[in-house]
1. Among the residues of segment 123-149, count how many are open to solvent by 90 Å² or more (accessible area, probe 1.4 Å) and in a helix (DSSP H, G or I).
2. Quick check: anything in segment 58-65 touching a residue at least 12 places away in the same chain (Cβ under 8 Å) and surrounded by 20 or more Cβ atoms within 10 Å (Cβ to Cβ)?
3. Out of curiosity, is residue 151 modelled with pLDDT of 85 or more and either of a type outside the set (D, E, K, R) or farther than 27 Å from residue 24 by Cα (or both)?
4. In segment 84-103, how many are without any contact (Cβ under 8 Å) to a residue 60 or more places away in the chain and more than 12 Å from residue 32 (Cα to Cα)?
5. Only one of 168, 180 is surrounded by 12 or more Cβ atoms within 10 Å (Cβ to Cβ), touching a residue at least 60 places away in the same chain (Cβ under 8 Å) and either charged (D, E, K, R) or closer than 30 Å to residue 104 by Cβ (or both); which?
6. Report the residue count in segment 88-117 for those that are open to solvent by 60 Å² or more (accessible area, probe 1.4 Å) and in a loop (DSSP other than H, G, I, E, B).
Amino acid sequence: MLSQVIPRTVFNNILVAALFGGLVPYLKGFEFLDVMLLLPYSMLSLFFVAPMAVDSVFSTEERRVPLRGLARAVLLGWAGGVAVTWIGIATVSWKAQRVITPPAAVALALPVLSLLGCVFVAALAAIIAKRAVNQDAAKSRLRIGFLLLLVAILGLPRLLSDDTNAALLGLLTPEGLVRLVLIAAPITAVASVAMLARLSGR
């Protein structure tokens, strides 16, 4: 089983890196450095973290929550997502034949947001894994959750007022991202610790 999973995982990761780190940035060019595109790119880490967190729970006896395994999933998934983003930035720089990087505030804020999201998703994936019949069922629920979240994000602007949408767009600036990090950091940290503490106590 493991000998089949590892090559498939490596192939999928190479495919993601080639597509999102190479092809898309090359086609987008300078537009790739827009915060509207870099923000969802920074969240690619979540898709790496979720399945690894599920696997770490099912790798233990009685499905105990292995904090070390979850930490490994968070770090590896987060590093993978950050790497894909910076491969994309390097691709744009290579195409332009000069070094091009996002503003410093964006370059610092996006990895922090991504790391916070990874910790939260790892804790959530562990909860789902504890309640699922098997790994496939847990990963299927996570995929459905990601899909519903994507639909909600795409449809939400149509339900909000123009003023609210303008305020949300204000967060997609270097200064806005810094404010978003300051707001999201304590909320995400408390929620993640609460979920992990509850799971560890079982």
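1. Summing the residues that are open to solvent by 90 Å² or more (accessible area, probe 1.4 Å) and in a helix (DSSP H, G or I) in segment 123-149 gives 8.
2. The answer is yes; a qualifying residue exists.
3. no
4. The qualifying residues number 4.
5. 180
6. The number of residues fulfilling the criteria is 5.
The values are calculated or read from the model by the stated rules, or taken from the named source; none is laboratory data. Remember, predicted model here, so these are calculated numbers, not experimental data. In this analysis, Cβ positions are derived from the backbone assuming ideal geometry, glycine residues included, and neighbour counts consider all displayed protein chains. Note: areas computed on protein heavy atoms with side chains; ligands, DNA, RNA excluded. Shrake-Rupley method; radii C 1.70, N 1.55, O 1.52, S 1.80 Å.
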